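The values are calculated or read from the model by the stated rules, or taken from the named source; none is laboratory data. In this text, all values refer to a predicted model and were calculated from it rather than measured experimentally. Here the Cβ positions follow ideal geometry from the backbone for every residue, glycine too, while neighbour counts run over all protein chains shown. Side chains included, ligands, DNA and RNA excluded: accessible areas come from the protein's heavy atoms. Shrake-Rupley method; radii C 1.70, N 1.55, O 1.52, S 1.80 Å.
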Protein chains: 2
Amino acid sequence: MKNQEQTRYHLSESDIPRFWYNMNADSPVPPTPVFNPITKELITKEALEVLFPLALIEQETTMERYVPIPEEVREIYKLYRPTSLIRARRLEKALNTPAHIYFKYEGESPAGSHKLNTAIPQAFFNKISGTHAMTTETGAGQWGSALAMACQMFGIDLEVFMVNASFLGKPYRRVIMETFGAQVFASPSPQTKTGRSYLEKRPDHSGSLGIAISEAVEVAVESGGQKKYGLGSVLNHVMLHQTIIGEEALKQMDLAGEYPDVIIGCVGGGSNFSGLAFPFLREDLKGGQRIRLLAVEPTATPSLTRGIYDFDYGDSAGIVPILKMYTLGSDFIPDPIHAGGLRYHGMAPILSGLYNAGLVEAVAVEQRAVFEAAVQFARAEGIVPAPESAHAIRAAIDEAIDAREKDEKRVILFNLSGHGFLDLSAYDQYLHNEITNGKVPEAQLEGLAERLPKVNFPG
Amino acid sequence: MKNQEQTRYHLSESDIPRFWYNMNADSPVPPTPVFNPITKELITKEALEVLFPLALIEQETTMERYVPIPEEVREIYKLYRPTSLIRARRLEKALNTPAHIYFKYEGESPAGSHKLNTAIPQAFFNKISGTHAMTTETGAGQWGSALAMACQMFGIDLEVFMVNASFLGKPYRRVIMETFGAQVFASPSPQTKTGRSYLEKRPDHSGSLGIAISEAVEVAVESGGQKKYGLGSVLNHVMLHQTIIGEEALKQMDLAGEYPDVIIGCVGGGSNFSGLAFPFLREDLKGGQRIRLLAVEPTATPSLTRGIYDFDYGDSAGIVPILKMYTLGSDFIPDPIHAGGLRYHGMAPILSGLYNAGLVEAVAVEQRAVFEAAVQFARAEGIVPAPESAHAIRAAIDEAIDAREKDEKRVILFNLSGHGFLDLSAYDQYLHNEITNGKVPEAQLEGLAERLPKVNFPG
């Protein structure tokens, strides 16, 4: 009982998990195959080795339930982990709800978000494989900042292709990456064939995550093995690394003496939601699922709620492996909303499979309602959330209001994946009534099924 | 021994101190009198009550050793306290030093700095005294953000006068304050007589902390008791509230099984340094002092190292009570450096007395060397520090190098008073070689003694 009175639930350094959890070991949905974007045949390990070190490729396909976290990675996790689990008591009071609202606060990471959880092992496994240089893309800048920090700590050079709209609109994110020693290019850039082809069409192209991925991958492919590529979401090994969030949260909910009825996270590629949800799903699958898992996406990029579950390219230029996922089409250009980290056309294959099988729910929310929730949360709890994370807050508040209306106790757990200190221009617009909802891209969804790549199943 | 291997030293919620520590109870230097800026006579309680609620005035003059922290204040402290004590192992390694470097990380506060430690009790004691509206000033924006958050939580309206240079150069800080519901004016502003007088001379006046203080105080004085004023540093009650930092750090150093040889903090008004140092000084005074206490200031605002220890106004317009302190003169305009929080002409009276008595050392450091230290720290520890806090890092690194050169073990503890997520334009300038050191203001120091106000000692 005493524990239930706390606000923050701390764990000690020795509680940092020693294993990541692999959802594929327990998921009722078997892993889906990956295809070569050029040949449309099943991808080979050799083709993947152009992009990733062997250790990460093995993590991508392993069916082992637990993957050990190397001691060198745990050492750096100690700089910010375990992160706090916080009971949002003041928000509960403001909402006058019988619900209990908990959040796992990944914004305590010095890079500002959960992205560091996978950046550190990606840099580590590259380092021990002899990689001296990496490339990546970044949208809002959270992933680029995290990988820049991790590469700095392992002595790896990093080139970041940053979506031009963010490069211009979020200069502070570029400065963080440069402070950590990374080289940052506005994407599309003159550095790559892909970039040049977009710049020829439009010299002031605002870019997209799909284009930036194409550029980063092209540089790795063209480097003749000198540079590897790092992706901040979507892939199985990224979901794996992020489960450290849920493993900690399991212990912390236990300290609080409660168990969630619903787990909520925002989804772009799906990694912060999956990282929190999968360890809880594992426990639930042991005894028949009883937690609701709720993924929250923007109405402007509704991959789960409006997309097709099929094979598609991971990038715009079609040079990244083809994955089975919920997709809006690799040529999808979302309306410019402030949650840059959610503006991706696809969704992690593992999460896509679980959603398709009905084990995960999804909801799309509008940008203005998201910022309304963000400001309400900030005023109650003091933390200014990232616009991405505020999608989860919106849904958590809606759940708490629903619980109030039904007069039922409900334990809500959401992932506050990052802080918003570098997104304040968006708050400025919201506070001065200059924010729009972003349009649902009806036209872009027409004829989508026909535009997807056709892959060759073996046999 | 086991504890010595940790990186972060956590305390639990129940370890949040229940008392603030009052240095005046143990200081060998007696408190100095305060004078009315208009009459130059000893100030009366009635004159102070125009600005502050009675509870804070009592804290200002109390000689009690311990002042209880109200439960309502501890409840909000729980949102972020106890903050971490972190061993900077990676920095030690990078410096190849036998020194052990610890830092108390006040940037974990949701407002981004230690300022919230006093903002919360100031808002609370105002609230219970019936205050519905407050005014304040802010330089870099750390104090304004903290008080905006605290006022929001206690339902108090807040007007903030923000130094115009920061208002223009740090728009994100304004947005944070607005997100927490505060009204923000660029200072000098047309809202006050003081502001208008400066604007008449120069419509694009860049402002100063001294002018902004004058404006905030004027609004409170002119409100006929409707609005109270809050100050983020300098005064005794602010030092008192900040001792929560040192009380926690004492317990945490004990967990680490070490005791500091030197304690370091940056000083503008002196509150973050005093907050960390005073509880350690209390322990040392029991058995004869053996810790060195090192205050670090910018060469561009060298109050301790170049100022005069005498009575002076706390603000530029001369409407704030006269305090005995190290001062560069209330008309002092510092060179524009990025550590806006350190650009104050005076210094807390308690700290001034201790420095004058030789119990505290001081050093002035140059801006370029400060940013060099900041980037080295960020690359080792992942945290991008506020430019103010980076002054402490500079001195800590210098101590660690000195220990290496003398081949001696030295335990260094410094206060990392805030993060630098809202100061990245300064990093941008540093990384692109556009930062200067700021000049030592020789001309402004000439004839200083003659310009100070003459107060009337009683009897």
| When you scan the range A:127-189 for helices (runs of 4 or more DSSP H) that lie fully inside it, which ones turn up with 1 or more residues that are open to solvent by less than 10 Å² (accessible area, probe 1.4 Å)? | A:142-154, A:171-179
| said: Can you say whether B:P31 is more than 14 Å from chain A (Cβ to nearest Cβ), in contact (Cβ under 8 Å) with a residue 40 or more places away in the chain and open to solvent by 10 Å² or more (accessible area, probe 1.4 Å), as far as the supplied structure shows? | reply: yes
| said: For the range B:95-104, check the following and say yes or no: at least one residue is more than 10 Å from chain A (Cβ to nearest Cβ), surrounded by fewer than 19 Cβ atoms within 10 Å (Cβ to Cβ) and not β-branched (V, I, T). | reply: yes
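Rundown of residues vs (1) in contact (Cβ under 8 Å) with a residue 40 or more places away in the chain; (2) buried (at least 19 other Cβ atoms within 10 Å of the Cβ); (3) under 17 Å from B:W143 (Cα atoms), yes/no style:
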| site | (1), (2), (3) |
| --- | --- |
| B:S223 | yes, no, no |
| B:Q226 | yes, no, no |
| B:L231 | yes, yes, yes |
| B:V238 | yes, yes, yes |
| B:H241 | yes, yes, yes |
| B:E248 | yes, yes, no |
| B:L255 | yes, no, no |
| B:P260 | yes, yes, no |
| B:I263 | yes, yes, no |
| request: Please work out which residue is nearest to the other protein chains (Cβ to nearest Cβ), limiting yourself to the range B:166-176 and to residues that are touching a helix residue (DSSP H, G or I) at 6+ places or on another chain (Cβ under 9 Å) and modelled with pLDDT under 95. | output: B:Y172
| remark: Residues of the range B:213-231 being at pLDDT 95 or above and within 16 Å of the chain's Cα centre (by Cα), in sequence order, are B:G230, B:L231
| query | Among (1) in contact with a Gly (Cβ under 7 Å, 6 or more places away or on another chain); (2) charged (D, E, K, R); (3) within 18 Å of A:N126 (Cα to Cα), where does A:E215 come up short? | reply | (3)
| task | Go through the range A:417-459 and count every residue that is polar (S, T, N, Q) and over 18 Å from A:A373 (Cβ atoms). | result | 3
| field | In the range B:3-28, the residues that are within 14 Å of chain A (Cβ to nearest Cβ) and within 30 Å of A:Q4 (Cβ to Cβ) | value | B:N3, B:Q6, B:T7, B:R8, B:Y9, B:H10, B:L11, B:S12, B:E13, B:S14, B:D15, B:I16
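Residue-wise test of (1) touching a residue at least 12 places away in the same chain (Cβ under 8 Å); (2) out of contact with any strand residue (DSSP E or B) (no Cβ under 8 Å at 6 or more places or on another chain).
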{"site": "B:E5", "(1), (2)": "no, yes"}
{"site": "B:W20", "(1), (2)": "yes, no"}
{"site": "B:L54", "(1), (2)": "yes, yes"}
{"site": "B:R81", "(1), (2)": "yes, yes"}
| Residue check for A:G112: within 14 Å of another protein chain (Cβ to nearest Cβ), in contact with a Ser or Thr (Cβ under 8 Å, 6 or more places away or on another chain), open to solvent by less than 10 Å² (accessible area, probe 1.4 Å) and not β-branched (V, I, T) | yes
| message | Every residue in the range B:63-87 that is under 10 Å from B:N22 (Cβ atoms) and open to solvent by less than 30 Å² (accessible area, probe 1.4 Å), please. | response | B:V67
| task | Hey, can you tell me all the residues within the range B:419-459 that are closer than 14 Å to B:H338 by Cα and buried (at least 17 other Cβ atoms within 10 Å of the Cβ)? | result | B:H419, B:G420, B:F421, B:L422, B:D423, B:L424, B:A426, B:Y427, B:D428, B:Y430, B:I435, B:G438
| request: Would you mind telling me which numbered condition in (1) within 14 Å of chain A (Cβ to nearest Cβ); (2) open to solvent by 10 Å² or more (accessible area, probe 1.4 Å); (3) at pLDDT below 95 B:Q376 fails? | output: (3)
| Only one of (1) touching a Phe, Trp or Tyr at 6+ places or on another chain (Cβ under 9 Å); (2) open to solvent by less than 10 Å² (accessible area, probe 1.4 Å) fails for A:S271. Which number is that? | (1)
| remark: Among strands (runs of 3 or more DSSP E) entirely within the range B:2-115, at least 2 residues that are among the aromatic types (F, W, Y), under 30 Å from A:E72 (Cα atoms) and touching an Asp or Glu at 6+ places or on another chain (Cβ under 7 Å) occur in none
| task | Only residues that are among the charged types (D, E, K, R), open to solvent by 20 Å² or more (accessible area, probe 1.4 Å) and part of a loop (DSSP other than H, G, I, E, B): list them for the range A:303-345, please. | result | A:D331, A:D335, A:R343
| Do you know which residues across the range B:11-25 are of a type outside the set (S, T, N, Q) and open to solvent by less than 40 Å² (accessible area, probe 1.4 Å)? | B:L11, B:E13, B:I16, B:P17, B:W20, B:Y21, B:M23, B:A25
| remark: Over the range A:115-144, the set of residues of a type outside the set (A, V, I, L, M, F, W, C) and within 12 Å of chain B (Cβ to nearest Cβ) is A:G141
| Search result, residues across the range A:145-165 that are within 14 Å of another protein chain (Cβ to nearest Cβ) and either free of Cβ contacts under 8 Å to residues at least 24 places away in the same chain or closer than 19 Å to A:S425 by Cβ (or both) | A:S145
